[in-house]
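Some notes on the structure that comes next.
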Ligand code: SF4
Ligand code: SF4
């Protein structure tokens with residue numbers, strides 16, 4: 001559901017004075033600071049097993065992202081150890097950042113597992129805007145937005161992932177597959 005911002009909100013006199021709102025903001029920040037600080041002390045004294053604070057010590061600690069989160073797009077590797085992708089090119093066309101490149105390969109009669117598949121499939125994560133259009137456009141449940149966002153690196157050229165790097169077993173994408181089925185069904189495709 002779209003979120004609507006009401007731009008015609010009238011500020012009260014209290015809000016227009018401005019200063020009380022700054023003080024209120026500082027009060028909230030200070031309160032969180034002391035809650036975190038006192039959550040630390042018993043933990044370091046060994047009186048409590050867990051820190052009662054909100055901070056996550058990334059990268060040693062991580063959080064579980066919600067299923068709707070859009071991390072890097074990946075290709076699903078099905079139960080037969082093959083990509084679901086049939087190299088139709090719809091995701092390539094739907095991509096607003098032009099960061100997907102596909103070279104298809106066709107069945108020449110010698111192979112009989114699938115009719116068509118991607119010989120090469122690359123996504124340049126240095127250009128990708130994580131919009132999810134590729135996932136939405138795909139008719140084969142072959143490309144999904146994963147929860148992996150740890151793709152930063154110093155060399156931009158290494159951010160272009162090839163087919164082998166993009167493949168993820170479908171078991172690891174179960175939640176996202178279910179989520180997209182519900183989401184796209186709701187939009188009456
Ligand atoms: S998430 Fe968006 S920008 Fe990234 S590959 Fe898919 S369609 Fe392109
Ligand atoms: S990932 Fe999906 S949309 Fe993209 S080429 Fe493969 S089958 Fe087509």
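The values are calculated or read from the model by the stated rules, or taken from the named source; none is laboratory data. Keep in mind it's a predicted model, so treat the numbers as computed, not measured. Reconstructed Cβ throughout: ideal geometry from the backbone, glycine too, with neighbour counts over all protein chains shown.
Would you mind finding the one in 6, 80 that is more than 16 Å from ligand 1 (Cβ to nearest atom), exposed (fewer than 10 other Cβ atoms within 10 Å of the Cβ) and within 24 Å of residue 121 (Cα to Cα)? Give the derivation first.
Numbers: 6 fails: within 24 Å of residue 121 (Cα to Cα).
Going through 6, 80 in turn, the sole match is 80.
When you check residue 105 against the structure, is it in a loop (DSSP other than H, G, I, E, B), assigned by TED's automatic domain parsing to the domain that holds residue 148, surrounded by 12 or more Cβ atoms within 10 Å (Cβ to Cβ) and within 16 Å of ligand 2 (Cβ to nearest atom), yes or no?
So residue 105 does not fit the description; no.
Check 4, 29, 62 and return the single one that is in a helix (DSSP H, G or I), without any contact (Cβ under 8 Å) to a residue 40 or more places away in the chain and within 33 Å of the chain's Cα centre (by Cα).
29
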Filtered residues of segment 110-143 (kept if more than 12 Å from residue 87 (Cα to Cα), touching a strand residue (DSSP E or B) at 6+ places or on another chain (Cβ under 6 Å) and near ligand 2 (Cβ under 9 Å from one of its atoms)): 134, 135
Residue in segment 83-94 that is farthest from residue 105 (Cα to Cα), counting only those that are surrounded by 13 or more Cβ atoms within 10 Å (Cβ to Cβ) and out of contact with any helix residue (DSSP H, G or I) (no Cβ under 6 Å at 6 or more places or on another chain): 92
Residue in segment 56-63 that is surrounded by 15 or more Cβ atoms within 10 Å (Cβ to Cβ) and closer than 24 Å to residue 149 by Cα present: no
